[in-house]
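Single-structure report; data block below.
The values are calculated or read from the model by the stated rules, or taken from the named source; none is laboratory data. Predicted, not measured: the structure shown is a model, and the values here were computed from it. Cβ: placed from backbone, ideal geometry, glycine included. Neighbour counts: every protein chain shown.
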Amino acid sequence: MDLDIALILTQDGITTGAVYALLAIALVLVFAVTRVIFIPQGEYVAYGALTMAMLQQGKVPGTLWLLVAMGAFAALLDGIRVMRGGARSGLAASLGWTVAYPLALAALLYAMPATQSIIVQAALTLAILVPLGPLMYRLAYQPVAEGSVLVLLIVSVAIHVSMVGLGLLFFGAEGSRTPAFSDAQFSVGALAISGQQVWVVVASAALIVGLWLFFDRSLYGKALRATAINRNGARLMGFSPVFAGKLTFVLAAFIGVLSGILIAPLTTIYYDTGFLIGLKGFVAAIIGGLASYPIAAAGALLVGVLESFSSFWASAYKEVFVFTLIIPVLVWRSLTSHHIEEDE
Amino acid sequence: MQTNTRNVLEVSNLSVAYGKVEALTNASIKVGEGQIVTVIGPNGAGKTTMLSAIIGLLNSKGQVSFDGKLEVVPDVERLVAGGMSLVPEKRELFGEMSVEDNLELGAFHRYRSGDRKYRDTMEEVYDIFPRLRERRVQMAGTLSGGERQMLAVGRALMAKPKLLMLDEPSLGLAPLITREIFRIIAELRRRGVSILLVEQNARAALAVADYAYVLETGSVAMEGPADQLRDDPRVIEAYLGLGGKHQDMLAT
């Protein structure tokens, strides 16, 4: 192996690593706020890429009907709660999101002529898929939100399996690859950098900076961090765990779908590709102890580079290398970290 | 209690059970506007349980009516938005966030409902607790016990509460700091905040309060204006001690 190949592999690794970093950050966030190990994170990536591909073929994606159905189900639950004597406040707003918004979006998709603009397609993909996040929290996690981490994990597994099955139904067994956002090519020395790779790295970096600003500067971001540190304390400030959960799932869905849109032109995505991508994000999140955002992001780059080098040397074993990484990491973490009792 | 003041909080027949064990039985208390009302009693009498049930952290039976509105099922978020603040016994600070972030979060629901003037309130809180201003960038988890208590009270004040509920504000604090905290409680009443104070330190609580309840094994055993209870032989016997016997015991 010479330096040029090493550079190309590193460049590849950083591109995929940037996407893993986004997913790892989403996984850490979801776990910190809701204690959910969010296995379906990868499904959002696949759904994002494939919904985008269907929109480009001028079809109405099946995920739209998933949104309508989940919204209707959530509205039904809200209705039952009110009939049993629950508070009526907020019902109108919640019906707006669960019923009116999906139907309006469906009408828009049917009325609108097929568009070639990638920005519009990406916006529509986000508009369809991101609301699935909070709806999923409402339907699947909120009823068991006080359960143990294990119960929440099992719910995650169930959602993952259902989403993969629905993915096969919506998108079929064939994979899709979307056209690149830009055809630009840059060459730096021996390196040829495609415009899409630049898009991925820049968009990931921008999103990470945006998330950092959100958590460090905005009161909503601080409230999410506060919920992760002390749930009861956050409740006493009037920040409800339900709201925190939904907000977290909005962010996680947004990150997942955007990652899918970004990588769709780089690799062929199948209905079940998301799981492996999500798991690699999970390895990175574990490197960060499911707690540290910067370490998780750095770990994601490590995972990306390791993956690209191992696919060069022993491509049949590339997943093995990546997932074996978790063992020394766990040993190192269990040796260095010590359990800290909660104050007082 | 004077009949002409409006009651901020009216609790009647409040009961809480942990499984089959009833921790609070038919407790009824009232807090008038601008008053300090204290609930004293020994360990395990159900004082903390009562506060948790009033604000909706625990399921309960009975009526809680806050600021003239009856709460069928007390709900934390709604009550906090309505102006109730609890400083819990465990403080529940956000340890890995700065003092200033903790204070800001105290104003969260004001911010959410469009009130952007919480910066002014922060200045007021810093005026009451100059110590917090010195430590504004420090992590809350690194503060001393007294500072933590100040931060917990300050954070609750950021919400501009109509009713401030304090659970054992003197717990684990040195006597001088306890005195400081009680001085601040009296100062808060002067600023128009109604206060429900739960304390084991009966002497200090009765000195500052207008009205008092004695809670024993989950029910209200006695009640009356604080200065009357202070002279009641049963209270002196059980909680104040003759000639500061209680204090002497603490010293040995």
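Within region A:106-119, the set of residues being out of contact with any Leu (no Cβ under 7 Å at 6 or more places or on another chain), at pLDDT 80 or above and either on the phi > 0 side of the Ramachandran plot or surrounded by 13 or more Cβ atoms within 10 Å (Cβ to Cβ) (or both) comprises A:Ile118 only. Within the option set A:Val151, A:Val155, A:Val161, A:Val144, being of a type in the set (A, V, I, L, M) and out of contact with any helix residue (DSSP H, G or I) (no Cβ under 7 Å at 6 or more places or on another chain) holds for one residue only, A:Val161.
A:Gln196 meets each of the listed conditions (1) closer than 30 Å to B:Ala152 by Cα; (2) in contact with a Pro (Cβ under 8 Å, 6 or more places away or on another chain); (3) more than 14 Å from chain B (Cβ to nearest Cβ) apart from (1). Evaluated against (1) at pLDDT 90 or above; (2) closer than 25 Å to B:Met150 by Cβ; (3) not in a loop (DSSP other than H, G, I, E, B), B:His109 falls short on exactly one condition, (1). I need the full set of residues from region B:79-99 which are part of a strand (DSSP E or B) and either at the interface with chain A (Cβ under 7 Å from one of its Cβ atoms) or in contact with a Leu (Cβ under 7 Å, 6 or more places away or on another chain) (or both), in order please. Passing the criteria: B:Met84, B:Ser85, B:Leu86, B:Val87. If you go through region B:60-78 and pick out every residue that is within 21 Å of A:Ser240 (Cα to Cα), touching a Ser or Thr at 6+ places or on another chain (Cβ under 7 Å) and in contact (Cβ under 8 Å) with a residue 40 or more places away in the chain, you end up with 1.
Sub-6 Å Cβ pairs linking a first residue in region B:84-108 that is within 20 Å of B:Ala53 (Cα to Cα) to a second residue that is among the acidic types (Asp, Glu), at least 6 apart or interchain, are B:Pro88/B:Asp167; B:Glu89/B:Asp167; B:Glu89/B:Glu168; B:Lys90/A:Glu344, ordered by first then second residue. You will find that of B:Gly44, B:Gly114, the residue that is among the small types (Gly, Ala, Ser), within 14 Å of chain A (Cβ to nearest Cβ), surrounded by fewer than 16 Cβ atoms within 10 Å (Cβ to Cβ) and outside any helix (DSSP H, G or I) is B:Gly114 and no other. Residues considered: A:Phe282, A:Phe249, A:Phe323. Of these, the only one that is of a type outside the set (Gly, Ala, Ser) and surrounded by fewer than 21 Cβ atoms within 10 Å (Cβ to Cβ) is A:Phe323.
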